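Participant: Sharing a structure here in structure tokens format.
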Amino acid sequence: MLSQEQKKLDWTWANSDEWSINFPCANGLCQSPINIKTSDTVPKFFSPLNFSSKYDSDLMFTMANSGQQILMTLPKDSNEQTGDEIFFTGINLIGKYHFSNLHIHWGVDSKQGAEHQIDGNRFAGEAHFVHKNKDTQQLAVLAIFLTVSDIGNESNEWDEYANIASQLTKTDDKTKCVLNLSRLMQMKHTEFYRYEGSLTSPPCTEGIIWTVFRDEVPIREESLNALRQKILPNTYRPVQPLNDRTVFRNYERSPTI
Ligand SMILES: [Zn+2]
């Protein structure tokens, strides 16, 4: 019998075709990520997205290497802040969605790495801000694409993130850090896609509400290289069939005539 620890590492990014052997959900009909074909998306009205004021604060997080990814969560032992105050509301979701974790996906080079694709376009990385409704246990992920930009060589919050994350080279390595969620998200995002999918890593549980923002935030190539070289070369799942799901968009197509 496998110990819990061995079981936890019983999958790799390289063997995603075999995940369903141990994690049957991976064979479901509503899996993530997907390629979003924009011409097939359906316009829909969404209520405004509002973040609690804590998103603008520098907050203490724990960053840990799970063996398959770097997870950033709120420290369990912190008396200085309470996770109860870190939430968003709106975008047609009922109730408060509290911050649960942040992790990012990347690839061996900058031509790949994001999980979702837009009309077949692949971005260099993708950040997943995982949120949970504490009353219903519903999970909602805010996904933001990362693209490489070395303009001005100015480092931003993502470079700071990568600098800390890339030092956690071994499974179970962890550290505390101070980062700012609104500087990571850059908060300018207004246009997005919405569909129902799954976790993109085992157990690939379905029933996850995805909000995939259209625009991208920059990260330096050097920062992605540090993650590729020191953590794992590749941490994304290939796109999965859409099947008969609908992808909604919160913006109107521009009139063509
Ligand atoms: Zn993810």
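The values are calculated or read from the model by the stated rules, or taken from the named source; none is laboratory data. Note that the coordinates shown come from a computational prediction; the quantities given were computed from them, not determined experimentally. Neighbour counts run over all protein chains shown; Cβ positions are idealised from the backbone, glycine included. Note: areas computed on protein heavy atoms with side chains; ligands, DNA, RNA excluded. Shrake-Rupley method; radii C 1.70, N 1.55, O 1.52, S 1.80 Å.
Per-residue answers, yes or no, for (1) of a type in the set (Val, Ile, Thr); (2) assigned to a helix (DSSP H, G or I):
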position: 131; (1), (2): no, no
position: 142; (1), (2): no, no
position: 163; (1), (2): no, yes
position: 188; (1), (2): no, no
position: 193; (1), (2): no, no
position: 202; (1), (2): no, no
position: 212; (1), (2): yes, no
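Participant: Further, regarding this structure: Among the numbered criteria (1) part of a loop (DSSP other than H, G, I, E, B); (2) open to solvent by 50 Å² or more (accessible area, probe 1.4 Å); (3) touching an Asp or Glu at 6+ places or on another chain (Cβ under 8 Å), which single criterion is violated by residue 45?
Facilitator: Of (1) part of a loop (DSSP other than H, G, I, E, B); (2) open to solvent by 50 Å² or more (accessible area, probe 1.4 Å); (3) touching an Asp or Glu at 6+ places or on another chain (Cβ under 8 Å), only one is false for residue 45: (3).
Participant: So, of the residues in segment 177-222 that are of a type in the set (D, E, K, R) and in contact with a His (Cβ under 8 Å, 6 or more places away or on another chain), which turns out to be farthest from residue 244 (Cα to Cα)?
Facilitator: 215
Participant: Looking at (1) more than 24 Å from residue 29 (Cβ to Cβ); (2) open to solvent by less than 10 Å² (accessible area, probe 1.4 Å); (3) not polar (S, T, N, Q), find the lone condition where residue 140 falls short.
Facilitator: Among (1) more than 24 Å from residue 29 (Cβ to Cβ); (2) open to solvent by less than 10 Å² (accessible area, probe 1.4 Å); (3) not polar (S, T, N, Q), residue 140 violates only (1).
Participant: Another question, if that's okay. Please name all residue pairs, on different chains or six or more residues apart, with Cβ atoms under 6 Å, provided the first residue is in segment 227-242 and is in contact (Cβ under 8 Å) with a residue 12 or more places away in the chain and the second residue is of a type in the set (D, E, K, R).
Facilitator: That search, which allows pairs on different chains as well, returns 236/115; 237/115.
Participant: Let me ask something else. Of all residues in segment 118-160, which are among the aliphatic types (A, V, I, L, M), more than 16 Å from the ligand (Cβ to nearest atom) and closer than 27 Å to residue 175 by Cβ?
Facilitator: Listed by number, the list holds a single entry, 148.
Participant: Out of (1) closer than 24 Å to residue 46 by Cα; (2) at pLDDT 95 or above; (3) among the aliphatic types (A, V, I, L, M), the odd one out for residue 185 is which?
Facilitator: Result: residue 185 fails condition (2) only.
Participant: Exactly one of these conditions fails for residue 68: (1) at pLDDT below 95; (2) within 16 Å of the ligand (Cβ to nearest atom); (3) open to solvent by 70 Å² or more (accessible area, probe 1.4 Å). Give me its number.
Facilitator: Of (1) at pLDDT below 95; (2) within 16 Å of the ligand (Cβ to nearest atom); (3) open to solvent by 70 Å² or more (accessible area, probe 1.4 Å), only one is false for residue 68: (3).
Participant: For segment 71-117, enumerate the residues that are outside any loop (DSSP other than H, G, I, E, B) and within 15 Å of the ligand (Cβ to nearest atom).
Facilitator: Once the filter is applied, which keeps residues that are outside any loop (DSSP other than H, G, I, E, B) and within 15 Å of the ligand (Cβ to nearest atom), segment 71-117 yields 71, 72, 73, 99, 100, 101, 102, 103, 104, 105, 106, 117.
Participant: Quick check: is even one residue across segment 155-162 out of contact with any strand residue (DSSP E or B) (no Cβ under 6 Å at 6 or more places or on another chain) and closer than 20 Å to residue 193 by Cβ?
Facilitator: No - not one qualifying residue is present in segment 155-162.
Participant: Return only the number of the condition from (1) open to solvent by 40 Å² or more (accessible area, probe 1.4 Å); (2) more than 26 Å from residue 88 (Cβ to Cβ) that residue 191 does not satisfy.
Facilitator: (2)
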